[in-house]
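Some notes on the structure that comes next.
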Amino acid sequence: MIKLLNVCKSFEGRQVLKNISITFEAGKTNLIIGKSGSGKTVMMKSMVGLHEIDSGEIIFGEHSFSKMSFKERKEVRKEIGMVFQGGALFDSYNVEENVMFPLSVFTELTTKEKKDRVNFCLDRVNLVNVGHLFPSEISGGMKKRVSIARAIAMNPKYLFCDEPNSGLDPQTSIVIDNLIHEITQEFNITTIINTHDMNSVMEIGDKIVYIHKGERWWEGDSQSILTTNNEEVVDFVYASKYMKQMRKI
Amino acid sequence: MGFVYHIGRYFLLLRHTFHLPEKSKLFFKQVVHEMNAQGVNSLGIVAVMSLFMGAVITLQTAFNIDNPLIPQSTIGFATANSMILEFSPTIISLILAGKIGSNIASEIGTMRISEQIDALEIMGINPASYLILPKITAAMLINPFIVIISMGLGIFGGYAAGMFTGVVAQNDFIDGILLDFRPFNVVYALIKCIIFAFIITSISGYQGYYSNGGSLEVGQSSTRAVVFSSIVIVLFNLILTKLLLQ
């Protein structure tokens, strides 16, 4: 479980996160949605410690992450997996080495054990016989899947995904979404996903938080988001003319 | 104000860089890789530059010595000392600042803008130590060998040029090399090149590490890495010369 308590963050006097309090539960796929520039990415980067918050508290399980020392954070970070928007795979390593990287750094596993774990993770994301390929040689969807495989290599308790569907076609997006959802339930991970994609919202949103101008504007699930009367959320969900007509029907 | 800010941030980055590596085995593997990338891959350009510079120094010295009272061995003496004291440690370091410095800044800068450094940080790895420390260590270990090779090739280039053009007799050239040879000059050159290796890799690492934006900014970081490394090298060249030779 991850809790945010009255989190505020500003950049050069411009407040980006305003007093945000949310609880993300384990074993659930938690979605953060909102317009571009609403503060979703800043919120996610603050949660993993890439941005220091101005005030408030971020709690992982029972421990306050925001109050931890560098060393203590390091231990928590070993339990965090993150899927970046662009994959953030290491260019100089091939797929196998990318997935193996956290295992090589943090574990004392033998080469065979590491390879077994890598193969398990790659199998889990439906990638076979690509271990020898470099990131520049694989497609965007494959990069995302390798990124997921690397994120789960260390059996994380917490999985963060920053727009995992950006730049992917709708079918591949659904494959990625379902994969993240399955992994979340299978390993009882606390998963938090930043997304714009309404397909993801409807497909895997166990809990949905709508962020508007840096504030927690609305909270619900994939059913209640369709029936809410919150104007901002309605405008976001039914953005196209087609969807607006559908809502009237 | 900006200058003080960058100096402060540079030293803060160095503080993060000089941390014990997560895994020594992985660190040594990276150091060996960097020694190959920075050192072995630079041998070609270093060899060509050194051979020709040695040859040019010999020819220019011979051209300028038209007084019959000055012995021919002066040509060998001038070539050897120019190579050992200045060309090999300083000019080769400036060349390496261009080659290695831009490479390091663009490599780390690209990792920054493509979120690879963020990925390392989230995994619980100290990115500064993981990315920059092996490069600094490798450069400080391999650059003295490159400089020694450069010295040898430069003097050989001078010898060959003298022999083929006939501006100096072989024996006179060799006598000149041996004349008043001071082993401390080699030590001085090696001390300089080790410090220059640190300057090149740490400044370039700093420029790359704090890149932001896109490919344009990475290019600018790469340019800044070369410019600042070169300026700091010539500044430290003066300081070290004053400290070590006087």
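Read-outs throughout are calculated quantities, based only on the coordinates presented, and are distinct from any laboratory measurement. These figures come from a predicted structure and were not determined experimentally. Methodologically, a virtual Cβ is constructed for each residue, glycine included, from the backbone with ideal geometry; neighbour enumeration extends over all protein chains shown.
Side notes on the structure shown:
- Computed [θ] at 222 nm, helices only, for chain A once each DSSP H run of length n ≥ 4 contributes -39500 (n - 2.57): -11500 deg cm²/dmol
- Each Lys and Arg Cβ is given +1 and each Asp and Glu Cβ -1; about its Cα centre, the protein assembly as shown then shows a dipole of about 560 debye.
- Computed on the stretch B:25-245, with alpha-carbon pairs under 8 angstrom and 6+ residues apart, the relative contact order is 37 percent.
- Counting charges near residue B:199 (Lys, Arg +1; Asp, Glu -1) among other residues having Cβ under 15 Å from its Cβ returns a value of +4.
- Added length on full extension, which subtracts the Cα-Cα distance from 0.36 nm per residue, residue A:75 to residue A:113: 11.4 nm
- Residues of the stretch A:43-60 with an amide N closer than 19 Å to a point placed 7 Å from the Cα of residue A:8 along the Cα-to-Cβ direction: A:43-44, A:46-47, A:51-59.
- Mean partner shielding of peptide B:14-22, defined as the number of other chain Cβ atoms within 10 Å of each residue Cβ, is 1.
- In this structure, residue B:244 and residue B:179 have a Cβ-Cβ separation that, at R0 = 22 Å, corresponds to a calculated FRET efficiency of about 0.55.
- Summary value for the stretch A:90-155: 52 percent relative contact order, contacts being C-alpha pairs under 8 angstrom separated by 6+ residues.
- Relative contact order, percent, chain A [alpha-carbon distance under 8 Å, six or more residues apart]: 27 percent
- Each of B:39, B:188, B:5 was placed along the dipole of chain B (beta-carbon charges, centred on the mean Cα), and the one lying farthest toward the positive end is B:5.
- Evaluating 6.51 cos²θ - 1.76 cosθ + 1.60 at θ = phi - 60° for every residue in the stretch B:70-77, the Karplus couplings come out as 7, x, 5, 5, 4, 4, x, 4 Hz, glycine and proline recorded as x.
- FRET efficiency estimate (nearest 0.05) - Cβ-Cβ, residue B:234 to residue B:69, R0 35 angstrom: 0.50
- Residue among B:156, A:151, A:194 farthest towards the positive dipole end of the protein assembly as shown, charges placed on Cβ: A:194
- Residue-count net charge about residue A:139 - beta-carbon cut-off 15 Å; Lys, Arg +1, Asp, Glu -1: +1
- DSSP-defined beta bridges in chain A - what % are antiparallel, rounded to 5: 50 percent
- Net charge dipole size for chain A [Lys, Arg +1 and Asp, Glu -1 on Cβ; Debye, nearest 20]: 340 debye
- Amide H contacts of residue A:28: A:191, each under 5 Å away and 5 or more positions distant or on a separate chain (H built 1.01 Å from N in the peptide plane; Pro and chain starts excluded).
- Residue-count net charge about residue B:134 - beta-carbon cut-off 13 Å; Lys, Arg +1, Asp, Glu -1: +1
- Residue-by-residue Karplus 3J(HN,Hα) for the stretch B:142-152, coefficients 6.51, -1.76, 1.60, Hz, glycine and proline x: 8, 4, x, 5, 5, 5, 5, 4, 4, 4, x
- When each full DSSP H helix of chain A is screened for a Cα extent of at least 20 Å along its own axis and an average Kyte-Doolittle hydropathy of at least 0.0, the helices passing are A:170-187.
- Viscosity 0.692 mPa s, temperature 37 °C, Stokes-Einstein D of the protein assembly as shown from Kirkwood C-alpha radius, µm²/s: 126 µm²/s
- Estimated FRET transfer efficiency when R0 is 35 angstrom, pair residue A:18-residue A:104 (beta carbons, to 0.05): 0.30
- Secondary-structure-derived ellipticity at 222 nm for chain B, considering helices only, amounts to -25500 deg cm²/dmol, per-run term -39500 (n - 2.57) for DSSP H runs with n ≥ 4.
- Footprinting exposure proxy for A:210, B:188, B:5, A:93 (fewest neighbouring C-beta atoms within 10 Å first): B:5, A:93, B:188, A:210
- The label-point distance for residue A:137 and residue A:59, in a model that sets each label 7 Å from Cα toward Cβ, rounds to 4.9 nm.
- Rounded to the nearest 20 debye, dipole of chain B from Cβ charges on Lys, Arg, Asp, Glu: 500 debye
- Cβ neighbours within 10 Å from other chains - mean over B:110-118: 5
- Averaged over peptide A:67-79, the number of partner chain Cβ atoms lying within 10 Å of each residue's Cβ comes to 2.
- The stretch B:25-245 has equivalent-ellipsoid semi-axes of 40, 15, 14 Å, by the square roots of 5 times the alpha carbon gyration tensor eigenvalues, sorted largest first.
- Likely footprinting exposure, A:181, B:33, fewest C-beta neighbours within 10 Å first: B:33, A:181
- Across the stretch A:214-222, coupling constants 3J(HN,Hα) worked out from phi with the 6.51/-1.76/1.60 Karplus curve, θ = phi - 60°, read x, 10, 6, 8, 7, 9, x, 10, 5 Hz, and Gly and Pro carry x.
- For B:178, A:226, order by how many other beta-carbon atoms lie within 10 Å, fewest first: B:178, A:226
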